[in-house]
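The structure under discussion is supplied below as structure tokens; questions concerning it will follow.
The values are calculated or read from the model by the stated rules, or taken from the named source; none is laboratory data. Given the structure is predicted, the values throughout are model-derived calculations rather than measurements. With ideal geometry, Cβ positions are generated from the backbone for all residues, glycine too; neighbour counts draw on all protein chains shown.
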Amino acid sequence: MKILAPFSLPHEVPELIAAGATELYCGVVPEELRHEVGDFESLNRRRGYDANLWSLEDLEHSTAVAHAQSMPVFVTLNRFFSHRQYPALLQLARDLRAAGADGLIVVDPALMLALRDEGVRFPYLAVGTGGSTFNASTVTFYRTLGATRVILSRHLTVPEIRAIAAEAPADVELEVFILHSLCPFEDGFCSFYHGHDPSPDSPGPLPPGCLPSYDPWFEGVGCRLRFQAHRVGEAGTAFGPVFAHDRADELRHGGADCGVCALPELLEAGIHSVKIVERAFPTQRKVSATQFVRRALTIAQSTPPPSRRDFQVQAQELYRQMTGHPCSGYECYYPAAVVARGSL
């Protein structure tokens, strides 16, 4: 099983490799293309100055370091795009390949067709969670568009993942989320645009069809709008103000969104790769997360394999060491896979 880890700075690549990553992914937003394709959120659903590489040169340096360790690098282009963006996107894809990118993470079927029709080839083409894959038929559909990997919805249960893996084409790799960002909203159906219109002092409008996002610090994210809740007929009784979705959710109980206890079952299901999310996290948090997943996976793959209970005892101790807090169950990706807490 592979461990896909995120990076947003070139110096993180060797650190993540040393921590146990076997695949890497990043976002790239070249300054010279921002006017043609938009910026931040418009390219890869990950806004923020600290979430992306900012030049093809940085990508080229990063892939060279990764390739020296025989490690592939994926680049995210995981949004739905307008037709006006496609010419620049296709050129960007060519530039990414020339800079050493081994694969793309995409969700737009039209972009997949455009890449195929224009002969822009990568060794790997992964469909992200925004592709809304809930069954094996969807995996088969994406295979016809050139997908070599499909990242399953982050809200699937382990039995659902197992059923998809049993029925999906054998030549398409399956990947699941394992750590961080258990968003309560389903990616492919989220209608929030995570950004604002151009600021009044912006240098000029982007071409039609190019989405701007002048909210690099997540201050106006739609799914974090403040609201107050009132009982019907009791306008004076407010439950708030609160947020529709607070990014601090996963830290509220001192932990991190995690699915590591399900690793043995994911291994049995034949899942090819597990993904650590959050490109914008500080370097040390990305490194410690990768170390955590690597250590847990090593235990799960040991011979003889530990019992499910013993594995989860050890995994939850590693979790405590990583976060400084015991697992509360609040942040669990796959709660049905966890042995009853009273028996741990």
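Looking at the range 103-155 only, could you name the residues that are basic (Lys, Arg) and assigned to a loop (DSSP other than H, G, I, E, B)?
At the first step, the residues of the range 103-155 found to be basic (Lys, Arg) are 116, 121, 143, 149, 154.
Within the range 103-155, Arg121, Arg154 meet the criteria.
Among the residues of the range 156-179 satisfying the criterion of being part of a loop (DSSP other than H, G, I, E, B) and touching a helix residue (DSSP H, G or I) at 6+ places or on another chain (Cβ under 7 Å), which is nearest to Lys286 (Cα to Cα)?
Restricting attention to the range 156-179, the residues satisfying the condition of being part of a loop (DSSP other than H, G, I, E, B) are 156-157, 168-172.
This time we only want the ones that are touching a helix residue (DSSP H, G or I) at 6+ places or on another chain (Cβ under 7 Å), so: 157, 168-169, 172.
On the way: Thr157: 25, Ala168: 31, Pro169: 32, Val172: 27 Å.
Filtering first and then ranking leaves Thr157.
Would you please name the residue that is nearest to Val172 (Cα to Cα), looking only at residues in the range 262-309 that are basic (Lys, Arg) and surrounded by fewer than 20 Cβ atoms within 10 Å (Cβ to Cβ)? Even if it seems obvious, please write down each step before you answer.
As a first pass, look at the range 262-309 and keep what is basic (Lys, Arg): 275, 279, 285-286, 294-295, 308-309.
Filter once more, so that each one left must be surrounded by fewer than 20 Cβ atoms within 10 Å (Cβ to Cβ): 285, 294-295, 308-309.
Values: Arg285: 31, Arg294: 23, Arg295: 26, Arg308: 28, Arg309: 31 Å.
So, considering only residues that are basic (Lys, Arg) and surrounded by fewer than 20 Cβ atoms within 10 Å (Cβ to Cβ), the one nearest to Val172 (Cα to Cα) is Arg294.
Suppose we filter Glu23, Glu15, Glu60, Glu41 for residues that are on the phi < 0 side of the Ramachandran plot, at pLDDT below 90 and charged (D, E, K, R); which single one remains? Give the steps one after another, and end with the answer.
Working: Glu23 fails: at pLDDT below 90; Glu15 fails: at pLDDT below 90; Glu60 fails: at pLDDT below 90.
The conditions single out Glu41.
Could you pull out the residue among Asp257, Asp249 that is under 30 Å from Val29 (Cβ atoms), at pLDDT below 95 and touching a helix residue (DSSP H, G or I) at 6+ places or on another chain (Cβ under 6 Å)? Can you show your working first?
Numbers: Asp249 fails: touching a helix residue (DSSP H, G or I) at 6+ places or on another chain (Cβ under 6 Å).
Among Asp257, Asp249, only Asp257 is under 30 Å from Val29 (Cβ atoms), at pLDDT below 95 and touching a helix residue (DSSP H, G or I) at 6+ places or on another chain (Cβ under 6 Å).
Then there's this: Suppose we keep only residues that are in contact with a helix residue (DSSP H, G or I) (Cβ under 8 Å, 6 or more places away or on another chain) and of a type in the set (Phe, Trp, Tyr) within the range 100-148. Which one would you say is surrounded by the most Cβ atoms within 10 Å (Cβ to Cβ)?
Tyr142
Taking only the range 44-57 into account, find how many residues are more than 15 Å from Leu96 (Cα to Cα), at pLDDT 75 or above and surrounded by fewer than 19 Cβ atoms within 10 Å (Cβ to Cβ). It would help to see each step written out before you state the result.
Start the filter on the range 44-57 by keeping residues that are more than 15 Å from Leu96 (Cα to Cα), which leaves 45-51.
Filter once more, keeping what is at pLDDT 75 or above: 50-51.
Among the residues that remain, those that are also surrounded by fewer than 19 Cβ atoms within 10 Å (Cβ to Cβ) are: 50.
Going through the range 44-57 one residue at a time, the tally reaches 1.
Does the range 276-287 include one or more residues that are closer than 14 Å to His180 by Cβ, in a loop (DSSP other than H, G, I, E, B) and among the β-branched types (Val, Ile, Thr)?
Yes: one or more hits.
Yes/no matrix, rows are residues, columns are (1) within 18 Å of the chain's Cα centre (by Cα); (2) among the β-branched types (Val, Ile, Thr):
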| residue | (1), (2) |
| --- | --- |
| Pro72 | yes, no |
| Val75 | yes, yes |
| Asn78 | yes, no |
| Ser82 | no, no |
| Gln91 | no, no |
| Gly103 | yes, no |
| Asp108 | yes, no |
| Leu115 | no, no |
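While we're looking at this one, here's another question. Determine which member of the set Ala147, Ala99, Ala93 is farther than 28 Å from Tyr333 by Cβ and without any contact (Cβ under 8 Å) to a residue 40 or more places away in the chain. Give the steps one after another, and end with the answer.
On the way: Ala147 fails: farther than 28 Å from Tyr333 by Cβ; Ala99 fails: without any contact (Cβ under 8 Å) to a residue 40 or more places away in the chain.
Only one candidate qualifies: Ala93.
Out of everything in the range 68-89 that is closer than 21 Å to Thr283 by Cβ and in contact with a strand residue (DSSP E or B) (Cβ under 9 Å, 6 or more places away or on another chain), what residue ends up being surrounded by the most Cβ atoms within 10 Å (Cβ to Cβ)? So that I can check it myself, show each step before the final result.
Initially, the range 68-89 is screened for residues closer than 21 Å to Thr283 by Cβ, giving 68-69, 71-76.
Still in the list and also in contact with a strand residue (DSSP E or B) (Cβ under 9 Å, 6 or more places away or on another chain): 71-76.
Working: Met71: 19, Pro72: 20, Val73: 24, Phe74: 24, Val75: 29, Thr76: 23.
Ranking the qualifying residues of the range 68-89, first place goes to Val75.
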